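Each remark here refers to the structure printed beneath this line.
The values are calculated or read from the model by the stated rules, or taken from the named source; none is laboratory data. The structure presented is a predicted model; accordingly, all values stated were derived computationally and were not measured. Quick reminder, even Gly has a Cβ in these numbers, built from the backbone with ideal geometry, and neighbours come from all protein chains shown.
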Amino acid sequence: MVELNLYQDNKQTSEFYKKWYARADYKQTYGIHELAKHMAEHETPFSEGTIKGILTDAVKCIRHLTLDGNTVKIDNLAIFKCSVESQPVNTLYDKNLDLTIKAAIGPKTARDPKTGTVKPTGNAIHSMKLLAQATGDYTRAELNKDAVLGWSNLAQKMINDAKAAALAGD
């Protein structure tokens with residue numbers, strides 16, 4: 001079951017100020033070691049060590065392939081791919097600065113160490129990110145159909161307290 005906690009938007013400038021939202025409450029994080037141990041306990045002929053080695057190699061390969069501009073699809077789980085967060089660059093080439101847009105990651109501007117002035121860098125990319133898109137039996141529709149949700153103890157207490165306070169005010 002996925003347990004849910006509650007949080008309230010307290011940002012005064014938000015159009016959703018004081019509105020409540022549910023957020024998944026994660027129990028623990030499974031690394032490769034814990035995943036290998038879990039898999040080995042499910043009647044597989046492979047040892048925990050063998051599974052850990054395969055998973056470690058798979059992670060290295062997925063990283064290598066995605067950083068090489070490929071997508072990697074693991075059926076019924078996800079399609080992994082690298083994406084970029086770009087940033088606005090005024091022009092493709094600025095003749096006054098002799099600056100051409102760069103296929104590079106970095107800040108939009110940088111301080112010149114010699115003069116101390118701030119100049120545009122021409123960097124087109126702010127940062128890279130890894131995306132995982134659900135696929136096969138793990139699509140959003142399937143997740144919605146199979147998910148079991150419930151409130152965490154803390155969230156249930158908050159709900160009960162709010163209900164009691166509202167009823168006491170009647």
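Points to keep in mind about this one:
So that you can scan it fast, the table gives a plain yes or no per residue for (1) closer than 26 Å to Val59 by Cβ; (2) among the hydrophobic types (A, V, I, L, M, F, W, C):
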residue: Thr121; (1), (2): no, no
residue: Ser127; (1), (2): yes, no
residue: Leu130; (1), (2): yes, yes
residue: Gly136; (1), (2): yes, no
residue: Arg140; (1), (2): yes, no
residue: Met158; (1), (2): no, yes
residue: Asp161; (1), (2): no, no
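- Once the range 66-81 is narrowed to residues that are closer than 29 Å to Asp146 by Cβ and not β-branched (Val, Ile, Thr), the residue that is surrounded by the most Cβ atoms within 10 Å (Cβ to Cβ) is Phe80.
- Within the range 1-37, restricting attention to residues that are basic (Lys, Arg) and in contact with a strand residue (DSSP E or B) (Cβ under 9 Å, 6 or more places away or on another chain), the residue that is modelled with the lowest pLDDT is Lys27.
- Residue pairs meeting the criteria (Cβ under 9 Å; at least 6 apart or on separate chains; first farther than 20 Å from Thr91 by Cα, in the range 115-131; second among the aliphatic types (A, V, I, L, M) and surrounded by fewer than 12 Cβ atoms within 10 Å (Cβ to Cβ)): Met128/Leu67
- Yes/no for Asp137 being touching a residue at least 60 places away in the same chain (Cβ under 8 Å), surrounded by 10 or more Cβ atoms within 10 Å (Cβ to Cβ) and outside any strand (DSSP E or B): yes
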